[in-house]
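The values are calculated or read from the model by the stated rules, or taken from the named source; none is laboratory data. These figures come from a predicted structure and were not determined experimentally. Here the Cβ is made from the backbone with ideal geometry for all residues, glycine too, and neighbour counts use every protein chain on show. We work out accessible area using only protein heavy atoms, side chains counted, and drop any ligands, DNA or RNA first. Shrake-Rupley method; radii C 1.70, N 1.55, O 1.52, S 1.80 Å.
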Amino acid sequence: MRLYEQKIWWKRILFMIAIAIGIFSLWYTHQLVQKLAKEEEKKVLLWANATKQLIKAEGDFTFLLDIIKDNETIPVILVDDAGSIIAHRNLDSIKVEQPEYLQHELALMKEEHESIPILYDETNKRFNYLYYKNSIILAQLKRYPYYQLTVIGIFIIVAYLAFSSSRRAEQNQVWVGMSKETAHQLGTPISSLMGWINLIRETEKSDQEDLLLELEKDVKRLELITERFSKIGSAPKLDIEVVDDVLQDSINYLQVRTSNRVRFTLVRNEDELTAQMNVPLFEWVIENICKNAIDAMNGEGSITMATQAEGDSVIIDITDTGKGISPSKLKTVFKPGYTTKKRGWGLGLSLAKRIIEDYHRGKIVVKSSEVNKGTTFRITLQA
């Protein structure tokens, strides 16, 4: 559990850092936009004053014309007091021939900035009005942080997915390698034990036949465990099996190895439901879920299994009367390392998920869980 608490903690820190970077980028760009907007406003006012002076100018007004021509970035429209367009600058040279385009641009300018009045007839107090909107550079600068954050976000997501995929592939290789090595290491002592059992039977008339039978059962169990480990990493053969029969076999095995204070119940379906499964691996899943349930019940309670058909699938519900799982932990129960015990690797449910979803093309989820009342795991298999 400590592993996943640290992982979530680091994710939150990185998320907060990303938000801080985004806020700083937006704030800094906003400051630049404000400064540039003020500079553009000064230019427009200068342009307006030059236009006003040009109207009154006598003699050499080359300087005034230079000021007006100097504006090559800020779109402006000059209208008379009746609202008719007199002049324009820095608009699309092709579209300006369309009256609706000019009216549309004028409407945008009215929404963006207040007009600048230009007095041209002092006697009759008649004005022209200058409208303008932000330059293309300023508009692009306003949108820049959003483009920047989008690109950074996409990069982070792609990098995270690539890293997760690489880490998952590495974990799979380690998982498969350990499983194969475990199966290999178990093979020699199991063969030796079987040889010793046969030798004892052949050389002596033992009065401990019952003991030898139990030893033989345990050796066969070890063989089954070895077979399970050897199947990890390779596509197992799936056969059509009667689901209730497989569950009953698992219960029979667990019952004699569990305290009599734990009650196992199988609610058999009226129909003989069948599903595609590899029995050794599927029984491993059931054992892992039941062992977790027994630990959650502190060795006393009941485990109920029930099956039902749903379309082309068979559903298996396994319910215990244990201490349940808190809502905050539901997303991590199938992660490697999740465990509520002081000792243990926390691989049981992770292995169960891998066997059901990767090898059986099914699904395993926590259907429901209530603290101090119990948990129900649901397994879905293809019929």
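Please give the peptides 350-356, 33-39 ranked by average Cβ packing (other Cβ atoms within 10 Å per residue), highest first, as a rough proxy for protection.
The most tightly packed comes first, giving 350-356, 33-39.
So for region 234-383, averaging the separation of alpha carbon pairs under 8 Å that are six or more residues apart and normalising by length, what relative contact order in percent results?
Details: 286 pairs, mean separation 37.6, N = 150.
RCO, region 234-383: 25 percent.
On the accessible surface of region 264-383, probed at 1.4 Å, how many percent belong to carbon and sulfur atoms?
That fraction is 46 percent.
On each of the three principal axes of the Cα atoms of region 259-383, give max minus min coordinate, whole Å, ordered largest first.
39, 29, 26
Taking amide hydrogens as modeled 1.01 Å from N in the peptide plane, which residues meet the under 5 Å criterion relative to residue 301, leaving out close sequence neighbours?
The list, which skips near neighbours in sequence, is 262, 263.
Using mean Cβ contacts within 10 Å as the protection proxy, how do 73-86, 147-160 order, highest first?
Going by the mean number of other Cβ atoms within 10 Å, highest first, we get 73-86, 147-160.
Kindly report the accessible area of region 234-383 per residue (heavy atoms of protein chains, probe 1.4 Å, no ligands, DNA or RNA), in Å².
Values: 7720 Å² over 150 residues.
Value returned for region 234-383: 51 Å² of accessible area per residue.
Check residue 278: other-chain or 5+ apart residues with amide H under 5 Å from its amide H, H built from backbone geometry?
When sequence neighbours closer than 5 places are left aside, the close amide H contacts are 239.
Of 11/323; 11/142; 11/329; 335/373; 323/363, which pairs sit farther than 21 Å apart, going by alpha carbon to alpha carbon?
11/323; 11/142; 335/373; 323/363
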